[in-house]
Amino acid sequence: MQSHTSTVDGIEMRWEEMGAGDPVILLHGIPTCPALWRDVARKIQGRRVLAWEMPGYGGSIPQGEGRDISVSAQADYLVAWMRDQGIDRAVLAAHDLGGGVAQIAAVRHPEMVSGLLLTNAISYDSWPVPLVSAVATTGSVTKHAPDGSFHKLLKTMFSKGHVTDAAAEAAFDAHAPHYARHGEAEAFVRQAQSLDVEDTKAIADKLPTLNIPARIVWGAADDFQKIEYGERLAKDLSAPLRRIAEGKHFTPKDHPEVLADEINALIRTIDGK
């Protein structure tokens, strides 16, 4: 995938892109970046695939300084970026916080979303998870913690969220350097303190009215986002739910074949095939 940047409404936005055709946009969460989706992107068939980076995350951490980076605001940034890129309508495939962004964008602009895939996504009152809430609450202390303490926190998140130790280590190696370059714990505290569960609660009653083709994929062994929320999303969106029995939180990295299969199935549904 090739990296791109564009300044949209004064924000330098970043994304990775490959392929051609109707667009599929991949959305990440915390504490990740578009690299989460690389193995999936390569398996999506016959589409222009764009993995968008939320301002304030990954290589775009500096864009979050002094700016609203709540999930609600990210939905507006996503739509502004889509319009800047001339994307009138796209499939949104989203994980974790990105799932909240996708739901809010779909409710606000259903005409711009041709399909919706959610995997271990925030929703309703499922978030922030206790670990992230603790960081938000103790922000002034956490920001001044030794770098080793922050690295331990990241490693804990990845260890709890991946199926194998090797996958957790690879995730740390992929995502931790962005924090190392852009403020370490201070950047993570800024992200954590931007999170407000009211963002998804405010649109929850609109989900059953969307009438957008959707699919849900869920790591059933996730300690962060419980399977009950995947089941509720499947019901409200009238969507099939694919359970990954052994799956934990970071499904796009641990199970890229499953995610790509479901995205390709969603595309076939949209295309009427």
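Scanning segment 188-216 for residues that are closer than 25 Å to residue 252 by Cβ and either touching a Pro at 6+ places or on another chain (Cβ under 9 Å) or hydroxyl-bearing (Ser, Thr, Tyr) (or both) yields a total of 13. Annotation note: Cβ proximity below 7 Å between a residue of segment 228-255 that is more than 24 Å from residue 51 (Cβ to Cβ) and a residue that is modelled with pLDDT under 95 (sequence gap 6+ or interchain) occurs for no pair. Residue 73 meets all of the listed conditions (1) out of contact with any Ser or Thr (no Cβ under 9 Å at 6 or more places or on another chain); (2) surrounded by fewer than 24 Cβ atoms within 10 Å (Cβ to Cβ) but one, namely (1). The numbered conditions (1) modelled with pLDDT of 95 or more; (2) more than 19 Å from the chain's Cα centre (by Cα); (3) among the hydroxyl-bearing types (Ser, Thr, Tyr) are all true for residue 123 except (2). Applying a threshold of 7 Å to beta carbon distances and a minimum spacing of six or more residues, or different chains, the list of pairs starting in segment 47-71 at a residue that is within 20 Å of residue 23 (Cβ to Cβ) and ending at one that is modelled with pLDDT under 95 reads 51/1.
Within segment 57-71, is even one residue in contact with a Gly (Cβ under 9 Å, 6 or more places away or on another chain) and under 26 Å from residue 234 (Cα atoms)? Yes: segment 57-71 contains one or more residues that are in contact with a Gly (Cβ under 9 Å, 6 or more places away or on another chain) and under 26 Å from residue 234 (Cα atoms). Just one residue in the set 46, 29, 99, 19 is within 24 Å of residue 254 (Cα to Cα), out of contact with any helix residue (DSSP H, G or I) (no Cβ under 7 Å at 6 or more places or on another chain) and buried (at least 23 other Cβ atoms within 10 Å of the Cβ); that residue is 99.
The values are calculated or read from the model by the stated rules, or taken from the named source; none is laboratory data. Since we're looking at a predicted model, the values are computed, not measured. Backbone-built Cβ (ideal geometry, glycine too); neighbour counts: all protein chains shown.
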